[in-house]
Structure formats: structure tokens, C-alpha cells
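**Q** First the structure, which I've put down as C-alpha cells, then a few questions once you've had a look.
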Amino acid sequence: MPASSTSAWLAAVPEDVADTMPDDNPVEVRRRKVAAMGWAGFVVDRELQTASYGRPRARLCAVSVTTAATTTRRRRSEHPLTRRDWSELPTAVRAAIEDQCGTVTRAVLPDAGRNSDVSATLHTGGGHVLFCKGVRLDTPRARMHRHEAQVNSYLPLAVAPRLLWQVEVDRWLLLGFEHVPGRHADLSPGSPDLPQVAATVRVLGDALTPCPLDVPRLAEQWARLAAWRRLAHDPAAEPTAWLRDRLGEFIDRERRTFQALDGDTLAHTDLHPLNVLVADRARVVDWAWSRRAAPWVDPAFLVLRLIEAGHTPEAAEHWTAATFPAWRTVTDETRTDFAVAVLGAWHHMFRVDPGPQRAPLVAVARRWVAHRLGETVNTAPLVSGIW
């Protein structure tokens, strides 16, 4: 899961802290604008980001960063994700789906997936099979699903399922996709899936450059997160020795990554095996986190997934360089910067929402960073009390 949900927190700065700042302080100016507009913590703040890379007031940073995690957890607890079976859906929702596809005779829930309130392969009385996913409109995930629907018509038909219909009813957003047969990709060393995955990612890179529609930029999203900078200004966090000695370097590398990420390709940004289905060819699903980015971004994320699947960092980089021309254009320094930035983003998400899938991702990113820095992998916590 990308980290954009943790990037907006300025509106929650308490009044007693704000009152200690001069009226012309850029953070206070921005906070007053936010308060006047009545936004509740969903504000992207560029002025604060700029100020924080300088020498922001420590008290403000302490409250802001702590509030970020608290606010994010509160928003998630207000809208807990409960995967529903077909029979548990509201009557109006089931009727709206059947208006589109016919009477549903069987619904098969997937084994994985975390971002929908309902998702199922639906079999109909007419012999049709399709995939349906949906969310309640009162959750932040609704924006993700709208985005996925928006980009779908621009994706190459051969390697991405087509959106068949989109319906809103009874405060639900529902998407119906063509059914894509296949199993989740195996990215382990020597897997026969690797050539198919490579061919599909190359097709996507060629077809989606230049970016065919106006979508958010990954560079801007990551710049708003600025995970290492946030950690440095969070007095509640106590970096352990390994990270403390490198934190200044990591902040610099992270900042350079923001510029390097920018480009004109529609990148998927979440190419893990659960989002790649393999049969006669590999198809990529779940485009909710797609962003405008540099053409090498998806190959770069594949490096991490290859390491996760059992490749050494050196072997993962070698395979990616031999497979994707865009990755070969990336300098060694930029590769290191990117690895460090990913480690920061994934570790930040783990601190904010320590789900069971996050700790292994942090470990993968640490292995890549250690390789890039020419060091032995350090398995000690990055922050005291937090793995």
C-alpha cells in the first residue's frame, strides 16, 4: 500500500501549539487557511514540507508528526475494512450488480486483497464470469477505486482486464471487470513466470509512455510523505545507532529521489505477485495506486519483489538491468537513493500501521539498502521499540 494516506495532517495542529508561533510563520498561515476551510486532516501541505527541511520549531514538529500517526489510525478505525460475502451485501447493492451482469448463482471470494469491502469472482445464470469489487463511499478507499476506474480504458487490453461497468448505489461504488484466469505470479529464482512478467511490464512501459491521462505524480506524493525527514523531526522516535549515523545521508538521498522519480509514464507502482496473474501470459490487475512517474519506476519496484521472492539483491538488479532498458539508464547513485527512499516509506507505514505484511517488506528494503551501501545486513531495529 502506497503511503499517501499518511501525508496530510496539518489541520490537526492543536491551537495551544499554534498560538506559540508568530503570525507570519508559514506553518501558522497555512494552518489558519486549513481551519477556515474546515478540512479535517486531509490537507497536503507544501509550505510545511519546505519549512521542515530547514530548521522548523521542534515543538511544532513533535505535535505534527505524532498527530499524523494518531489521525491516520483514527480514520482507519472509523472505517474498518470488513470483507463481505455476497449474501451479506445490502439488497440494493446485489440488485445493482445483477442489473449489470445477470443473476448471480455463485460468488467466489479471493484468497488475498485488502482494499475493497467486497471482491469476488461472480458466476451468473447465463454462464458469464466476471470479477466485481466495491467499497462504501464513506471510506478513503473510494478514491482509490475511482482512480482505478479512471485509468482502466487507457491500459493495453492484452495485459490488463477491461472494466465492464461502474455503478454507484446506496452509498457504494461497484466496479465490474472482465474475469482474468490465472494464478499469482511466481517471481522466485528460475521461475518460468519471469519471462512472461518481463514481457508484460515491457508492454506496459511502451504503451503507457507518455502518460495517457492526468493522474497524480509519484514524485509529489513521496515528497509530501518525506519519511526520513519526518522521522528526524519526531522526538518520540529514537533511532538506533545504525540509523542515527546515517539519518542525515538518508534525508539527502530521499530528497534527491523526489526529483528522480518524476517522469511521463503511467506506472503501476505496486507490482507484487498478488497483482500479477499468469496463464497464457501475465496480466496486471489492481491499478488503484498507479501514478505518473519515471519509466524505470516499475522495474525498480520489481527489484524489491525479486528480493522478496528469494533473489539476492545483486541477482535481482542484474535480472532487471538485463530485462528493462529503462533500468539500465538509472545511475548507481539514483538506484541507491531510491532504495533508501523506499526503506523510509515502508518503515514509516510500518510505524503508522504495523500490519503483518509490513515488517517483511521493511526487511526486504533493508537488504537492498545494505547491498547498495556495501554493508552487511543489519537486523537491529531502526527505531527503539519498533522493529
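The values are calculated or read from the model by the stated rules, or taken from the named source; none is laboratory data. If you're wondering where the values come from, they're calculated on a predicted model, not measured in any experiment. Please note: Cβ atoms are built from the backbone with ideal geometry, for glycine as well, and neighbour counts cover all protein chains shown.
**Q** Which of the numbered conditions does Ser116 fail, given that it passes all the others? Conditions: (1) under 21 Å from Ala96 (Cβ atoms); (2) in a loop (DSSP other than H, G, I, E, B); (3) touching a residue at least 40 places away in the same chain (Cβ under 8 Å).
**A** Result: Ser116 fails condition (3) only.
**Q** Hey, could you check region 215-232 for residues that are assigned to a loop (DSSP other than H, G, I, E, B) and surrounded by fewer than 20 Cβ atoms within 10 Å (Cβ to Cβ) and say which is farthest from the chain's Cα centre (by Cα)? Talk me through it step by step, then tell me what you get.
**A** Start the filter on region 215-232 by keeping residues that are assigned to a loop (DSSP other than H, G, I, E, B), which leaves 215-216, 226.
When the remaining residues are screened for being surrounded by fewer than 20 Cβ atoms within 10 Å (Cβ to Cβ), the result is 215-216.
Working: Val215: 14, Pro216: 12 Å.
So the residue we want is Val215.
**Q** Follow-up question, since we're still on this one. Go through (1) exposed (fewer than 15 other Cβ atoms within 10 Å of the Cβ); (2) assigned by TED's automatic domain parsing to the domain that holds Phe131 and name the single condition Pro235 misses.
**A** The failed condition is (2).
**Q** Now a separate question. Would you check which residues across region 340-365 are of a type in the set (D, E, K, R) and buried (at least 20 other Cβ atoms within 10 Å of the Cβ) and list them? Lay out the reasoning, then the answer.
**A** Step one: list which residues in region 340-365 are of a type in the set (D, E, K, R), which gives 351, 353, 358.
The answer is Arg351, and nothing else.
**Q** Scanning for something surrounded by fewer than 18 Cβ atoms within 10 Å (Cβ to Cβ), assigned by TED's automatic domain parsing to the domain that holds His348 and of a type in the set (D, E, K, R), does region 145-155 turn up at least one residue?
**A** no
**Q** Next question, about the same structure. Give region 243-300 a look and list any residue that's among the acidic types (Asp, Glu), surrounded by fewer than 19 Cβ atoms within 10 Å (Cβ to Cβ) and not in a helix (DSSP H, G or I), or say none. If you could, list the steps in order and put the result at the bottom.
**A** Applying the first criterion (among the acidic types (Asp, Glu)) to region 243-300 yields 245, 249, 252, 254, 262, 264, 270, 280, 286, 298.
Imposing the further condition that a residue be surrounded by fewer than 19 Cβ atoms within 10 Å (Cβ to Cβ) reduces the set to 245, 249, 252, 262, 264, 280.
Correct list: Asp245, Asp262, Asp264, Asp280.
**Q** Under 7 Å by Cβ, and 6 or more places apart or on different chains, what pairs join a residue from region 323-337 that is under 23 Å from Leu208 (Cα atoms) and assigned by TED's automatic domain parsing to the domain that holds Phe301 with one that is crowded, with 21+ Cβ neighbours inside 10 Å and among the polar types (S, T, N, Q)?
**A** Cβ pairs passing all conditions: Trp327/Thr320.
**Q** Same structure, new question: Scan Arg136, Arg106, Arg141 and give me the residue that is surrounded by fewer than 14 Cβ atoms within 10 Å (Cβ to Cβ) and basic (Lys, Arg). Spell out how you get there, then give the answer.
**A** On the way: Arg136 fails: surrounded by fewer than 14 Cβ atoms within 10 Å (Cβ to Cβ); Arg141 fails: surrounded by fewer than 14 Cβ atoms within 10 Å (Cβ to Cβ).
Every option except Arg106 fails the conditions.
**Q** Taking Asp337 as meeting all but one of (1) closer than 27 Å to Arg224 by Cα; (2) of a type in the set (Asp, Glu); (3) loosely packed, with under 15 Cβ neighbours inside 10 Å, write down the number of the exception.
**A** Going through the list (1) closer than 27 Å to Arg224 by Cα; (2) of a type in the set (Asp, Glu); (3) loosely packed, with under 15 Cβ neighbours inside 10 Å, Asp337 breaks only (3).
**Q** Conditions: (1) assigned to a helix (DSSP H, G or I); (2) over 30 Å from Val352 (Cα atoms); (3) of a type in the set (A, V, I, L, M). Leu157 meets all but one. Number of the miss?
**A** Answer for Leu157: the failing condition is (1).
**Q** Something else about it: Could we say that Ala322 is of a type in the set (Gly, Ala, Ser) and touching a Phe, Trp or Tyr at 6+ places or on another chain (Cβ under 9 Å) here? Let's see the steps before the verdict.
**A** On the way: of a type in the set (Gly, Ala, Ser): yes; touching a Phe, Trp or Tyr at 6+ places or on another chain (Cβ under 9 Å): no.
It is false that Ala322 is of a type in the set (Gly, Ala, Ser) and touching a Phe, Trp or Tyr at 6+ places or on another chain (Cβ under 9 Å).
**Q** Which ones in region 329-387 are modelled with pLDDT of 95 or more and in a loop (DSSP other than H, G, I, E, B)?
**A** Those that are modelled with pLDDT of 95 or more and in a loop (DSSP other than H, G, I, E, B): Thr329, Val330, Thr331, Gly374.
Per-residue answers, yes or no, for (1) in contact (Cβ under 8 Å) with a residue 60 or more places away in the chain; (2) within 16 Å of Asn275 (Cβ to Cβ); (3) in contact with an Asp or Glu (Cβ under 6 Å, 6 or more places away or on another chain):
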position	(1), (2), (3)
Ala185	yes, yes, yes
Pro189	yes, no, no
Pro192	no, no, no
Leu204	yes, yes, no
Arg217	yes, no, no
Glu220	no, no, no
Arg224	yes, no, no
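**Q** Could you go through region 302-312 and let me know if any residue there is polar (S, T, N, Q) and free of Cβ contacts under 8 Å to residues at least 60 places away in the same chain.
**A** Narrowing region 302-312 to residues polar (S, T, N, Q): 312.
Cutting the leftovers down to free of Cβ contacts under 8 Å to residues at least 60 places away in the same chain gives us 312.
For region 302-312, residues polar (S, T, N, Q) and free of Cβ contacts under 8 Å to residues at least 60 places away in the same chain: present.
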